[in-house]
Amino acid sequence: MSVRVQVPSSVQKPRQSPGFLVTFAKRTMLRMLFGGLLCFSAFGCGQKSMAQQPVESIYDIDIEGIDGKPMDLAQYKGKKILFVNVASECGFTKQYDGLQELYENHKDKLVVIGLPCNQFGGQEPGGEAEIQSFCRANFDVEFPMTEKIEVKGPGQHPIYQWLTQKAKNGSQDSSVKWNFQKYLVDEQGRFIDFFYSITKPDSPRIIGLL
């Protein structure tokens, strides 16, 4: 003889209505979407935003080449420019090889400009002629190089004022941390991005923006 036990309705598991399931699904999708937006905002999971129009033109800035002659930046309109503060006695000096290779492989759309600076560890003590001779003898450097400048502090060259100040480049503020920090400007003279010394010239982060 079987005995059926009647479970009180008060303890029976309630059934979920179709409306509840739809609401739950919508909330789950919103959480996923919100999480994706956070990822995009905080970590750059999507593409970078378009370059902003600069407040001042980088092409109007005066600077001399390493040979002492004026360097007209306007001659590079139509190409991207990678500005790199360089030094001859730095642990990153070997990046000259990568910079020269980058210049050779992409010279149809990119110019690399080396800017000697002695502000980090006193690792660029020589004069312009010595620096030029060192670069040619050891790394066969052919890309343009400038006079020796300061990239930070009271004597900061106007080029680095533009590269590091949103008030001038219209995009973002930054500061130069060490030798071989890299700044990329687009074909119309708009700031794109910057890369710390540890980012090698052949990094996909740089190549992908060319």
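Considering only residues that are touching a Lys or Arg at 6+ places or on another chain (Cβ under 9 Å) and crowded, with 19+ Cβ neighbours inside 10 Å, which ones fall in segment 119-145?
Passing the criteria: 119, 120, 124, 131, 143.
Of the conditions (1) of a type in the set (Ser, Thr, Tyr); (2) surrounded by fewer than 21 Cβ atoms within 10 Å (Cβ to Cβ); (3) in contact with a helix residue (DSSP H, G or I) (Cβ under 6 Å, 6 or more places away or on another chain), residue 96 satisfies every one except a single condition; which number is it?
(2)
How many residues does segment 96-127 hold that are charged (D, E, K, R) and touching a Ser or Thr at 6+ places or on another chain (Cβ under 7 Å)?
Qualifying residue count for the region: 1.
Could you grab me the full set of residues in segment 107-120 that are in contact (Cβ under 8 Å) with a residue 40 or more places away in the chain, farther than 16 Å from residue 65 by Cα and out of contact with any Gly (no Cβ under 9 Å at 6 or more places or on another chain)?
110, 120
Suppose the filter is in contact with a Gly (Cβ under 9 Å, 6 or more places away or on another chain), at pLDDT 95 or above and of a type in the set (Phe, Trp, Tyr); does residue 96 pass it?
Taking the combined requirement at face value, the residue satisfies it.
Of the residues that sit in segment 151-210 and are among the hydroxyl-bearing types (Ser, Thr, Tyr) and more than 19 Å from residue 115 (Cα to Cα), which one is surrounded by the most Cβ atoms within 10 Å (Cβ to Cβ)?
171
Yes or no: residue 104 in contact (Cβ under 8 Å) with a residue 24 or more places away in the chain, over 23 Å from residue 61 (Cα atoms) and crowded, with 18+ Cβ neighbours inside 10 Å?
no
If a residue must be without any contact (Cβ under 8 Å) to a residue 24 or more places away in the chain and under 24 Å from residue 60 (Cα atoms), how many such residues does segment 161-194 contain?
Counting residues in segment 161-194 that are without any contact (Cβ under 8 Å) to a residue 24 or more places away in the chain and under 24 Å from residue 60 (Cα atoms) gives 8.
Could you tell me whether residue 40 is under 18 Å from the mean Cα position of the chain (by Cα), of a type outside the set (A, V, I, L, M), within 30 Å of residue 173 (Cα to Cα) and modelled with pLDDT of 65 or more?
Against the criterion (under 18 Å from the mean Cα position of the chain (by Cα), of a type outside the set (A, V, I, L, M), within 30 Å of residue 173 (Cα to Cα) and modelled with pLDDT of 65 or more), residue 40 does not qualify.
The values are calculated or read from the model by the stated rules, or taken from the named source; none is laboratory data. All figures in this text were calculated on a predicted structure; none of them were measured in a lab. Every residue, glycine among them, receives a Cβ derived from its backbone with ideal geometry; neighbour counts consider all protein chains shown.
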